[in-house]
Amino acid sequence: MSFVVRVHREDGVLIAQASGSASLADLCGMASMIGVTTSRSNERRAVLDVQAVDIGLAFTEHLHLGTFVAEQLHHLERVASIVPERYRTGTSEKAAQKGGLLLHTFTDRDLAMAWVRER
């Protein structure tokens, strides 16, 4: 299944929704695209919705992903990621936070949207 990313905006928040099978390179590409898009448009908040993505990353790949996401999205005030419960390990999230990014991972879209919109 192809990896597809769709981007739209809701109330000042950039939302990237992905689907399909994704490798580490695919997920890093998504983060890079969101980083360029938000920096060029001066957006400050984003949601990375990967609920429809089949992710098969090893532990070290999760660490690399979190570090890369922090590097690409460092200019954002808040980033929420939404993942299926079965992929909720916290490894990428902690690596991104260690890299200085205010990122939290959720399994519920409404909670993620509420958190990313907080002032």
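Of the set (1) in contact with a strand residue (DSSP E or B) (Cβ under 6 Å, 6 or more places away or on another chain); (2) at pLDDT 95 or above, all apply to Asp54 but (2).
Could you identify the single residue in Ala18, Ala52 that is at negative phi, surrounded by fewer than 16 Cβ atoms within 10 Å (Cβ to Cβ) and of a type outside the set (Val, Ile, Thr)? The conditions single out Ala52. When residues in segment 57-82 are screened for being over 22 Å from Asp11 (Cβ atoms) and in contact (Cβ under 8 Å) with a residue 24 or more places away in the chain, 15 of them pass. Please tell me if His74 is part of a loop (DSSP other than H, G, I, E, B) and surrounded by fewer than 19 Cβ atoms within 10 Å (Cβ to Cβ). In short, yes.
To keep it simple, each residue is scored yes or no on (1) surrounded by fewer than 20 Cβ atoms within 10 Å (Cβ to Cβ); (2) in a helix (DSSP H, G or I); (3) basic (Lys, Arg).
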position: Ser92; (1), (2), (3): no, yes, no
position: Ala95; (1), (2), (3): no, yes, no
position: His104; (1), (2), (3): yes, no, no
position: Ala112; (1), (2), (3): no, yes, no
position: Trp115; (1), (2), (3): yes, yes, no
position: Arg119; (1), (2), (3): yes, no, yes
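Annotation: Ala112 fulfils all but one of (1) of a type in the set (Gly, Ala, Ser); (2) free of Cβ contacts under 8 Å to residues at least 40 places away in the same chain; (3) in contact with a Phe, Trp or Tyr (Cβ under 6 Å, 6 or more places away or on another chain); the unmet one is (2).
The values are calculated or read from the model by the stated rules, or taken from the named source; none is laboratory data. This one's a predicted model, so the numbers in the text were calculated from it and none came from an experiment. All Cβ positions, even for glycine, are placed from backbone atoms using ideal geometry, and neighbour counts span all protein chains on display.
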